[in-house]
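Throughout, read-outs are computed from the coordinates displayed, never taken from laboratory work. What you see is a predicted model; the values in this text were computed from it and never measured. Here the Cβ positions follow ideal geometry from the backbone for every residue, glycine too, while neighbour counts run over all protein chains shown.
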Amino acid sequence: MTVFPRMPAPPGTAERAAPPAPRLVPLPMLVVLVLLATTPLWLARVGLYPYLALEVTIWMLFALGYNLMLGTTGLPSFGHGAFFGVGAYAFGLLQQKVLANLWFDLAGAVLVTTVLAAVVAACIAHKRGIYFALLTIAFGQVFWFVAVKWHSVTGGEDGLLNIVRPVLDLGVVRVDLKGNQALFYFCLAVFSVVLFALWRLVNSPFGRVLSAIRQNELRAAYIGYPVRLCKWASITIASAVAGLAGALFALAQQSAYPNVMSLHSSGFVVMMVLIGGGLVSFWGPLIGAVFFILARDVLGATTETWLLWYGLLFVAMVLIKPEGIAGMWQAGVARWRLRSAPAVAPALPLDAKGAAHGPL
């Protein structure tokens, strides 16, 4: 067998380096967690109320899970609030009807949401595009209708009331979660675990398969990937995270209402992901959730029609910069790097013998 020697690289060129491996804990994750952990120190000084940090953390968790479907897999769900509401109702019902234990109720809420999501995902995972979106709306409206009409279980339009904040039992220490600050740090701990898990999932081989499905579902199927099974898993995982966020929301609100399962509430998380830039960045949903909650409070303090102005802002963002806030940041960083990069001298022409000659 003839072995051909490796040809040397042409002068002045460098071999392509392998892409660097992702860090165990990326810098943006540390920044987000530090900012959230220090909110009790500076939130009141900027004119905001302490409960805001708790609400932002829960909605960031909800948006982060939803982005696994929309931003990573390319599945546009417009009824995802149904699973958020299922988690809230499941937590409250387990606490009031079965066992008032924090860990049991949280795990039960996630389990109930996961089972229902797995059934729904099995019905819609084979659809694409507008048909998939319409089916998510239909299933979302079914869950909302059940929550409104099943008065004996859900409380109907009045909702499920009297959900208490139980004591957090860690074995060696017991923490009372009745205060907003204690509950905030508990939700922050849960959010940190899910954030790290989803980041590792998105950067895993399975996450790359989901990205391939988003780019071209037919080509991914022709290569041999189980597209329908991967879509089913993406929907189920995203819905389980939504159920966890809904359970924490019921714990924070001490109640569960059917309006969190409505179509317009499902649209809120879609706007968070899109305006934050979830289609181009893993961190986009976090930015979008913060932007949405702050815009709601700032605009809501100015006018009762805050949703109108936020909707106009959302339309302008989609028309001018569809990549969202994260896309604007990435474009700005790319321009800054281009300007700060050293200028490269143009290559001189070569004659027939390969010698370089300057201008005559």
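Take the chain and mark each of the trypsin sites (Lys or Arg not before Pro) that is in a DSSP loop with at most 13 other Cβ atoms within 10 Å; the longest unmarked stretch, sites excluded, is 179-352. Taking the chain as a Gaussian network of alpha-carbon nodes connected by springs under 10 Å, the highest mean-square fluctuation of the residues L106, L161, L251 belongs to L161. Based on Cα contacts under 8 Å between residues 6+ apart, the chain shows a relative contact order of 26 percent.
For the chain, leaving out every one of the GluC sites (Glu not before Pro) that falls in a DSSP loop and has at most 10 other Cβ atoms within 10 Å, the longest unbroken run is 16-303. How far is helix 263-276 tilted off the main Cα axis of the chain, in degrees rounded to 10, range 0 to 90? Taking the Cα atoms of the chain, the angle to 263-276 is about 30 degrees. Where in region 291-327 is the amide nitrogen less than 17 Å from a point lying 7 Å along the Cα-to-Cβ axis of R335? Answer for this model: 317, 320-327. A Cα-only calculation for region 59-104 places Rg and Dmax at 13.7, 39 Å.
Kirkwood analysis of the chain, using all unique Cα-Cα pairs, places the hydrodynamic radius at 22.8 Å. Taken along its principal axes, the alpha carbon cloud of region 220-315 reaches lengths of 55, 33, 22 Å, longest axis first.
Between K149 and A221, the simple label model (points 7 Å from Cα in the Cβ direction) yields a spacing of 3.4 nm.
Taking 22 Å as R0, compute the FRET efficiency from the Cβ-Cβ separation of L307 and N259 and round it to 0.05.
Efficiency computed from Cβ-Cβ geometry: 0.95.
Cβ crowding within 10 Å ranks Y310, Y225, Y66 as Y225, Y310, Y66, fewest other Cβ atoms first.
With contacts taken as Cα pairs under 8 Å at a separation of at least 6 residues, region 166-267 carries a relative contact order of 15 percent. On full extension, the segment bounded by V115 and L161 gains 14.1 nm, given 0.36 nm per residue less the C-alpha separation. The simple spin-label model puts a point 7 Å past each Cα toward its Cβ; for V25 and F196 those points are separated by 0.7 nm.
In region 116-237, one over the average inverse separation of all distinct C-alpha pairs is 18.1 Å, which is the Kirkwood hydrodynamic radius.
On a per residue basis, the convex hull of the C-alpha atoms belonging to region 52-129 measures out at 103 Å³. The amide H of V164, built 1.01 Å from its N in the peptide plane, has no neighbour under 5 Å, considering only residues 5 or more places off or on other chains.
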